[in-house]
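Data block below; observations after.
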Amino acid sequence: MTASKRIVLSSDHAAIDLRQAVAAHVTEKGWEVEDIGPVTTESTHYPLHGKAAAEKVASGECTLGIILCGTGQGIMMAANKVPGIRCGVCSDTFSARMIRQHNDANILSIGARVVGEGLALDIVDAFLDAEFEGGRHATRVEMIEG
Ligand code: RB5
């Protein structure tokens, strides 16, 4: 298994079931999964889990990440505070593909209270099956990084 096939998963309490479904799905697709929890549905704080997943990607330990909370928004905000992280919330497959192709997003965020499991797994496929196109998009991504 190469490092390029290692993905970190994380969520808060609102997205435990969907995170487990995503874990099974990405494993089936051939990815090595590092699921950093949490395990129980006890109420927790999404910033902790967004930051922890983002640090796995920023350090190079994992090349991509998928994070989830109720809306996908709060955990995305926390992840994007970590330097080198480009995370977008997606509720549709077009956006999930485009954040890889144009924005070189390295983390996908999903709202477990927004999309059902079937759509969520299609969103995951769109994200993981797309590749960054580089070129003019690389210039713009460099501008994001400052
Ligand atoms: C938890 O109730 C909820 O606020 C959280 O999962 C998320 O939606 C925050 O953005």
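Derivation of every value follows stated rules applied to the coordinates shown; laboratory data play no part. Everything numeric in this text was worked out from a predicted model, so none of it was measured. With ideal geometry, Cβ positions are generated from the backbone for all residues, glycine too; neighbour counts draw on all protein chains shown.
Ranked by the mean number of other Cβ atoms within 10 Å of their residues, highest first, the peptides 97-103, 131-137 come out as 97-103, 131-137. For the chain, the spherically averaged projection of the C-alpha convex hull amounts to 7.7 nm². Pairing the Cα long axis of helix 16-28 with the longest principal axis of the chain, what angle in degrees results, from 0 to 90 and rounded to the nearest 10? So the inclination is approximately 50 degrees. Only helices enter the 222 nm calculation for the chain: every DSSP H run of n ≥ 4 contributes -39,500 (n - 2.57), and dividing by all residues gives -13500 deg cm²/dmol, rounded to 500. Helix 136-145 axis versus longest C-alpha principal axis of the chain: approximately 60°, rounded to the nearest ten.
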